[in-house]
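Heads up: the structure comes next, in structure tokens.
The values are calculated or read from the model by the stated rules, or taken from the named source; none is laboratory data. The model shown is predicted, which means the values in this text are computed figures rather than measured ones. FYI the Cβ positions are ideal-geometry reconstructions off the backbone, even for glycines, and counts take in every protein chain you see.
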Amino acid sequence: MGATQDTYTSIASMATGEYKEKGSKFIAYAFPMDSVEAFNEQLKKLKKEHLKSRHHCYAYRIGLTGEPYRINDDGEPSGTAGKPIYGQLIKENLSDIGVIVVRYFGGVKLGTSGLIRSYKEATILALDNVFPIEKTVTKKVLLSFTYERLGAIMEAIKGIETIKTEKLFEDTPRIIMHVPQSLTEQTITQLKANMLHRSIQDITDDTEVTDCDFRVLET
């Protein structure tokens, strides 16, 4: 599992794994999420499902760079739960993912090494069951134009595979284009070249297309 400049790997849906050690049971839940709020919602649900468990330890990573991230031992000795969970997310290079491991105490203390191994193994078992997906960091480019330009614009866009569009046909037709972050300026230049039937080398930042306006939106 890996990442490029604009892409990173997440998971498609929740997966679980269960590990037992000397009577203690560790149930790991790996799930997709893209915000701290979404993670907290899932944590709240699992705490309700496992009211008799005293430990709900976790780690998460968000976005292309894996930040923000957080680890939590939830009452276990420092470094014995959240850190080994997080270590597996780093090893598999996964982001937009949370892993919560619920522990049921079996009556025998496991010691530091036993806890680290148990939280790690439960996480590995859950991650073995995930379906990885590739996510792309995009920028939104708003293209405003006149209806006379519609045919030429759609033809120009069709020639660029990386663009995904939302069409907003109102008094003034507009299209929101979702473009890979690192290719934003290059894509705008290519579109201008396509619409003007010119070489991309002939297009500069000052090149304008009559009745068309390009604007990169803040996200």
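Scanning the stretch 1-33 for residues that are at pLDDT 95 or above and among the aliphatic types (A, V, I, L, M) turns up 11, 12, 14, 15, 27, 28, 30, 33.
Within the group 120, 192, which residue is of a type in the set (D, E, K, R), in contact with a Pro (Cβ under 9 Å, 6 or more places away or on another chain), buried (at least 18 other Cβ atoms within 10 Å of the Cβ) and in a helix (DSSP H, G or I)? When all the criteria are applied, what remains is 120.
For the stretch 92-111, a residue qualifies if it is surrounded by 21 or more Cβ atoms within 10 Å (Cβ to Cβ), under 18 Å from the mean Cα position of the chain (by Cα) and of a type in the set (D, E, K, R), and exactly one does: 96.
Scanning the stretch 57-85 for residues that are on the phi < 0 side of the Ramachandran plot and either touching an Asp or Glu at 6+ places or on another chain (Cβ under 8 Å) or surrounded by fewer than 22 Cβ atoms within 10 Å (Cβ to Cβ) (or both) yields a count of 20. Within the stretch 118-134, being out of contact with any Gly (no Cβ under 9 Å at 6 or more places or on another chain) and not β-branched (Val, Ile, Thr) holds for 118, 131, 132, 134.
To keep it simple, each residue is scored yes or no on (1) farther than 30 Å from residue 12 by Cα; (2) outside the structural domain of residue 11 (by TED's automatic domain parsing); (3) in contact with a Ser or Thr (Cβ under 9 Å, 6 or more places away or on another chain).
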position	(1), (2), (3)
149	yes, yes, yes
158	no, yes, no
162	no, yes, yes
165	no, yes, no
185	yes, yes, no
194	yes, yes, no
199	yes, yes, no
209	yes, yes, no
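The single condition from (1) touching a residue at least 24 places away in the same chain (Cβ under 8 Å); (2) assigned to a strand (DSSP E or B) that residue 71 fails is (1).
Restricted to the stretch 34-67, and to residues there that are part of a loop (DSSP other than H, G, I, E, B) and under 16 Å from residue 103 (Cα atoms), the residue that is modelled with the lowest pLDDT is 54. At pLDDT below 85 and of a type outside the set (Lys, Arg) - does that describe any residue in the stretch 128-137? Looking for residues that are at pLDDT below 85 and of a type outside the set (Lys, Arg), one finds none in the stretch 128-137, hence no.
The residues of the stretch 151-172 that are within 14 Å of residue 211 (Cα to Cα) and either modelled with pLDDT of 85 or more or part of a strand (DSSP E or B) (or both), listed by number, are 151, 152, 153.
For residue 209, state whether it is crowded, with 18+ Cβ neighbours inside 10 Å and modelled with pLDDT of 85 or more. Yes. Filter the stretch 71-91 down to the residues that are of a type outside the set (Asp, Glu) and either more than 24 Å from the chain's Cα centre (by Cα) or not assigned by TED's automatic domain parsing to the domain that holds residue 104 (or both), then identify the one that is nearest to residue 105 (Cα to Cα). Among those that are of a type outside the set (Asp, Glu) and either more than 24 Å from the chain's Cα centre (by Cα) or not assigned by TED's automatic domain parsing to the domain that holds residue 104 (or both), it is 75. Here is the figure for the stretch 40-65: residues that are farther than 29 Å from residue 111 by Cα and in contact (Cβ under 8 Å) with a residue 40 or more places away in the chain total 2.
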